[in-house]
Amino acid sequence: MSSKAKILLIYTGGTIGMRKDFNTGALKAFNFSKLLQRVPELKQLDCEIETFTFDNPIDSSNMNPQEWANIATIIEDKYNAFDGFVVLHGSDTMSYSASALSFMLENLAKPVIFTGSQLPIGDLRTDAKENLITAIQIASLQANGHPVVSEVCLYFEYKLYRGNRTTKISAEHFKAFTSPNYPALVDSGVNLKIRSELLLPRQNSNDLVVHKKLDNNVVIVKMFPGMSETVLEAILAIPSLKGVVLETYGSGNAPTEDWFIALLVKAINRGVHIVNVTQCSGGSVNMGQYETSTSMKEIGIISGKDITTEAAITKLMYLLSLNIPLKEFKAIYETAIRGEIGE
C-alpha cells in the first residue's frame, strides 16, 4: 500500500484548463485526464494525483450556489479516498467560491485548495504550472500522518491564503489576489515557508458535514454620495429579501439622514439582516467610532468587522439557510466560524 498522499484535482473550468486551438486561435478546455502529458513536472511530486472534470466546465462568471454544491458533493463523495483536494477554477469569482466552500464544508480536516491562472497552461509565459504544482504540493503536505493544512485555501502567485480572506485585485497581473486583513499562510520561495500558527486547528473528532443549500435571497448594496432614497427603498422592499451586505465608507460610516436610517429600521423590522462591511480594500468596520456610524449601531446593524465582501455575502447565504432564530443571528454572524473574521 502506498504511503504517498492522494490528491484529487477537480477542474470546474477557467483559464488554467484552456489551450489555444492552432486553427482558430480560440481557447478551449483540454482533456484533464491527459494532464500528466501536458505538465510532466507533476510526476516529480511525491503524491498520487487523480483528476475529476465537470461534465460541462464553466466560466467562473457563471458560478452560482448550485455549482458550489456540485463541488462540495464531489469532495463529500471522494473525501475518504483522498488526502487533499485542489480545485481549478476561473479567477474572477474564485474568492466567492473559496469563501462559500469554507462555510459549506463543516468539520473539514483536509486541505481544499483553489487555484487557477491568468494565462492558459499551454501558454509560453503561463503562471498556470507554478500555481498548479505548488497547490498540489501544499495539499499533499503531511505531518505525523495528518495533513498540514486542513481548511479551504486559495493559492496564487507564490502565496497560500485562507480562502475566505481573499479578494481579487487585478485582471492582468499574475499577482491577482490579496488577503487584506490576514497574512498569507504559506509563502512559496526556494522553500515553502509555512506559518503554522496562522492555520486553523485541525478537526480531530467530528465527521465532515456538507451544507449544500444556500439562501441567495440576498443583495450587496454599495453606498455612494448621492444614493437615491427611491432606489434604496425599492431594493430593501423586495418581498423575498432576507439579507443585505451594505458596503459603507471607511470604518463603517454612512449618511445620518433621517430617511436612510428609517429605511434600514423598516427593513430590520421586516426581518431583513443587514451586514455593515467597509468599501476599503483593508481595515475593519468599527461602528460608533464616528457619529456617522453610531445610528447604525443603535438600530442593530450587524458588524462585518474585517470580513471581505465575498465572505460576507456567502456567510449570509450560509447562515440564512440554517434558519437561525432572529435574536441569535447577529451574535452568530459577528463570530468567526471558519476564520473569516477577526475577533
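The values are calculated or read from the model by the stated rules, or taken from the named source; none is laboratory data. Note that the coordinates shown come from a computational prediction; the quantities given were computed from them, not determined experimentally. Glycine also receives a Cβ, built like all others from the backbone with ideal geometry; neighbour counts cover every protein chain displayed.
Here are some notes:
- Some residue of the stretch 91-98 being touching a residue at least 12 places away in the same chain (Cβ under 8 Å), under 30 Å from T309 (Cα atoms), touching a Cys at 6+ places or on another chain (Cβ under 6 Å) and not polar (S, T, N, Q): no
- Remark: pairs (first residue in the stretch 313-333, free of Cβ contacts under 8 Å to residues at least 60 places away in the same chain and within 19 Å of E343 (Cα to Cα); second residue outside any helix (DSSP H, G or I) and among the hydrophobic types (A, V, I, L, M, F, W, C); Cβ separation under 8 Å; 6+ apart in sequence or on different chains) = F329/I302; K330/I302; I332/I324.
- Selection within the stretch 213-231 - surrounded by 13 or more Cβ atoms within 10 Å (Cβ to Cβ) and within 24 Å of G283 (Cβ to Cβ): V218, V219, I220, V221, M223, M227
- Members of the stretch 293-341 that are small (G, A, S), within 13 Å of the chain's Cα centre (by Cα) and surrounded by fewer than 23 Cβ atoms within 10 Å (Cβ to Cβ): G339
- Close contacts from the stretch 222-240, counting a first residue that is farther than 13 Å from L263 by Cβ and a second that is in a loop (DSSP other than H, G, I, E, B), with Cβ to Cβ under 7 Å and a gap of 6+ residues or different chains, come to K222/Q279; S240/N217.
- Qualifying residue in the stretch 210-231 (condition: at pLDDT 95 or above, touching a strand residue (DSSP E or B) at 6+ places or on another chain (Cβ under 8 Å) and under 26 Å from P147 (Cβ atoms)): yes
- Residue match in the stretch 93-100 (condition: within 18 Å of L199 (Cβ to Cβ), touching a strand residue (DSSP E or B) at 6+ places or on another chain (Cβ under 7 Å) and either assigned by TED's automatic domain parsing to the domain that holds A69 or in a helix (DSSP H, G or I) (or both)): yes
- Tally, over the stretch 257-278, of residues that are within 15 Å of S295 (Cα to Cα) and in contact (Cβ under 8 Å) with a residue 40 or more places away in the chain: 1
- Every residue from the stretch 198-212 that is part of a loop (DSSP other than H, G, I, E, B) and surrounded by fewer than 14 Cβ atoms within 10 Å (Cβ to Cβ): P201, N204, S205, N206, D207
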